[in-house]
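What follows is a short report on a single structure.
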Amino acid sequence: MSNEPPVVTKTFARFEQQHILPIPENERTGTSWSIFAIWVGLNMMPLTVVTGAVASGAYGLPIGWSIVAILTGNVIGAFGSALHASQGPHLGIPQMLQARAQFGYLGGGLFALIAFVMFMGFFTSILIVAKDALLAVFPGVNGSIAIIGFAAVGIVLCVFGYEMLRKTMVWISILIAAAVTLSMILLWTKPEVTGQRAEAAFSFDGFFAMLAIGIVWQLAYAPYVSDYSRYLPKKTGPKTAFWSTYLGLVVSSVFVMTLGVLLGAANAGNPLAALGDHLGPIGLIVLVIFAVTSALINGVELYSAVMNALTAMQSSFRITVTSATRIWTTVICGGVATMIALLGQGDFMTMFESFLTLLLYVLIPWSAINLADYFIVQKGEYVVDDLFKRSGGRYGKWNTIGLVSYAIGLAAQVPFMITPLFTGPFAEPLQGIDIAWLVGFAVTVVVYLVLVRINRSRTALAAGPRQRAEVEAEA
């Protein structure tokens with residue numbers, strides 16, 4: 001029998017075989033450019049435009065201050081996501097599967113489920129915004145049929161898996177970058193767009209709210225950055241994964257959100273429609289490009305939703321993940337998300353803003369624990385095989401330290417929270433400035449490191465008498 005590694009067939013539509021399992025070195029076909037292109041392409045969509053429009057449209061910030069808030073938030077948030085991405089080449093496994101190391105085999109399943117809900121939310125949101133972009137050009141199109149068609153494209157791409165998604169994103173990033181660049185240049189020449197609106201004014205609550213949105217936009221990528229960086233060869237190292245991810249996320253997000261700022265200033269109620277209103281036929285062509293490419297981009301969101309669904313299912317049930325399992329999971333998840341999109345076409349902007357806010361609060365403690373454990377406690381040294389054992393191996397089924405730290409970090413945010421349903425008692429004295437995410441991150445890191453240190457001290461003390469007894473018995 002030959003000991004040579006199997007040959008990887010390089011075709012555009014190579015079917016993925018590994019699913020949530022570690023990626024073998026001979027199948028790691030990712031490059032720094034492909035990782036950069038994935039994150040550039042993923043942000044080049046109308047949902048990013050709509051998010052940027054929140055600054056000038058919903059919060060009424062001047063264009064300059066809107067851009068500053070967006071830039072600051074994205075620069076901060078992407079740092080965390082890129083640190084998560086740097087773990088991929090070393091471990092070779094999906095991001096949320098790593099949660100088993102911090103929360104236990106079953107505990108990790110809970111966080112995979114949370115991430116699954118998040119990705120389903122993004123898949124649904126992109127369907128709705130893509131539909132809106134198409135209707136801005138062709139008002140007579142049936143919106144429900146458009147959503148179903150866009151969903152079908154994303155589902156097909158997701159069925160094939162990583163290789164097709166990666167190559168598709170490379171071409172999409174180039175196409176949309178050209179369209180956005182042209183739109184930006186033309187809009188900056190329009191005084192009716194770039195001129196200061198009478199009602200636009202700087203406000204601390206609006207500025208910091210938009211800054212927080214920039215942070216959560218980037219941290220929303222944290223639960224799946226390693227899903228793609230795990231395809232980088234191990235010798236590539238964490239630095240390449242970090243910078244490819246960081247630059248791809250920041251450059252594209254700030255660029256496209258800035259387009260949203262201009263459109264939000266021109267039409268706060270329907271920023272996408274402003275493209276056609278102010279750029280005429282060129283704007284309509286850009287909207288069509290946005291709509292079509294969003295369907296392709298959405299395959300990435302569904303792919304990560306499926307990775308987390310499989311992780312959660314494997315944690316809860318005795319199942320073997322096969323290609324058939326992944327395909328059926330993809331079809332079912334895509335179908336459910338499509339139904340949600342069909343039912344949620346009403347007041348989308350309000351729902352989406354609330355979704356982003358709640359997402360930030362839920363993600364922050366998990367991110368803090370994962371980064372503290374990987375870089376400070378374990379220093380990247382994990383036994384990957386134990387992460388797939390139903391007993392949890394050395395990580396156990398439930399990790400009390402991780403779960404307690406998460407609960408405390410989540411609770412620490414409550415007094416500072418600002419949501420449509422609840423505003424914490426400390427939010428008003430801070431003039432509505434949302435610092436809950438900062439408090440939550442700091443508290444979670446401190447609590448986790450303290451509990452780990454206490455646990456290690458107790459373990460060392462308990463081991464002492466046993467070791468002495470073994471020595472005496474041997475004597």
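The values are calculated or read from the model by the stated rules, or taken from the named source; none is laboratory data. Here the structure is a predicted model, which means the values were calculated and not measured. Please note: Cβ atoms are built from the backbone with ideal geometry, for glycine as well, and neighbour counts cover all protein chains shown. Accessible surface is based on the protein model in full, side chains and every heavy atom, while ligands, DNA and RNA are left aside. Shrake-Rupley method; radii C 1.70, N 1.55, O 1.52, S 1.80 Å.
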Can you say whether Gln98 is in contact with an Asp or Glu (Cβ under 6 Å, 6 or more places away or on another chain) and modelled with pLDDT of 85 or more, as far as the supplied structure shows? no
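Residue by residue, here is whether (1) touching a helix residue (DSSP H, G or I) at 6+ places or on another chain (Cβ under 6 Å); (2) open to solvent by 30 Å² or more (accessible area, probe 1.4 Å); (3) charged (D, E, K, R) holds:
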residue	(1), (2), (3)
Ala305	yes, no, no
Ala309	yes, no, no
Gln314	no, no, no
Arg318	no, yes, yes
Val331	no, yes, no
Thr338	yes, no, no
Do we find a residue being of a type in the set (Ser, Thr, Tyr) and under 18 Å from Ile454 (Cα atoms) anywhere in the stretch 410-420? no
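Per-residue answers, yes or no, for (1) open to solvent by less than 10 Å² (accessible area, probe 1.4 Å); (2) closer than 23 Å to Ala37 by Cβ; (3) of a type in the set (A, V, I, L, M, F, W, C); (4) outside any helix (DSSP H, G or I):
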site: Met120; (1), (2), (3), (4): no, no, yes, no
site: Asp132; (1), (2), (3), (4): no, no, no, no
site: Ala136; (1), (2), (3), (4): no, no, yes, no
site: Ile155; (1), (2), (3), (4): no, yes, yes, no
site: Val159; (1), (2), (3), (4): no, yes, yes, no
site: Glu163; (1), (2), (3), (4): no, yes, no, no
site: Ala177; (1), (2), (3), (4): no, yes, yes, no
site: Ser183; (1), (2), (3), (4): yes, yes, no, no
Residues being closer than 28 Å to Ala324 by Cα and open to solvent by less than 10 Å² (accessible area, probe 1.4 Å): count how many of those fall in the stretch 24-38. 4
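Scan the stretch 407-425 for residues that are part of a loop (DSSP other than H, G, I, E, B) and closer than 20 Å to Ile213 by Cβ and report the count.
Taking the stretch 407-425 first, the residues part of a loop (DSSP other than H, G, I, E, B) are 417, 419-422, 424-425.
So of that shortlist, the ones also closer than 20 Å to Ile213 by Cβ come out as 417, 419-422, 424.
Number satisfying all stated conditions: 6.
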Output yes when any residue across the stretch 137-147 is at pLDDT below 85 and either under 30 Å from Gly276 (Cβ atoms) or of a type outside the set (Phe, Trp, Tyr) (or both), and no when none is. yes
β-branched (Val, Ile, Thr) and either free of Cβ contacts under 8 Å to residues at least 24 places away in the same chain or out of contact with any Pro (no Cβ under 9 Å at 6 or more places or on another chain) (or both) - does that describe any residue in the stretch 298-310? yes
Here are Ile126, Ile148, Ile93: which of them is open to solvent by 10 Å² or more (accessible area, probe 1.4 Å) and either aliphatic (A, V, I, L, M) or assigned to a loop (DSSP other than H, G, I, E, B) (or both)? Ile148
Note on the stretch 436-455: residues crowded, with 17+ Cβ neighbours inside 10 Å and at pLDDT below 90 are Ala436, Trp437
